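Read-outs throughout are calculated quantities, based only on the coordinates presented, and are distinct from any laboratory measurement. This structure is a prediction, so every number in the text was calculated from the model and none was measured.
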Amino acid sequence: MSSGFVVSSSAYDTVSFSQNVKCGYSGASSNPSASFLSAVKDNFSSLYDKICTSEYCQVIANGRVVASIDNQGIVTCSSSVYSAIADKLPDIDDDNTGPNMAETRARIIADFYGGKVNRSSGAISQDLFDELYKELNKKI
């Protein structure tokens with residue numbers, strides 16, 4: 001299976017993101033507690049997940065949603081749509097992910113089906129995605 005797809009709620013491949021975060025702690029101690037750092041990491045990871053996995057767009061063709069794509073570029077579609085487009089879309093990897101990938105994949109799917117791309121309210125910029133990804137991958 002090509003990476004970056006969710007097909008009819010079955011198993012799928014996704015990009016794996018490290019769960020390491022650098023903390024900008026400025027408390028009285030120069031050595032913050034492990035529980036504090038863990039809480040910061042968990043909160044940032046939750047924020048990252050909420051923002052980066054939010055819907056970037058929907059591809060609409062013939063009055064129906066044929067695919068939705070999140071800010072990482074992960075496509076959610078039916079198995080019939082997957083069968084038709086999987087080999088036409090670029091793969092996602094650690095160096096090729098985010099809103100730019102979402103936009104590229106959406107345009108390819110829309111062109112294939114003669115549809116249009118409707119950007120969602122949760123869409124973010126590639127710059128914001130890259131900054132969040134970079135922060136998430138820093139070591140504590």
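Net length available on complete extension from Ser125 to Lys138 is 2.6 nm, with 0.36 nm assigned per residue and the Cα-Cα distance removed. Under the criterion of Cα pairs below 8 Å and six or more residues apart, the relative contact order for the range 71-120 equals 44 percent.
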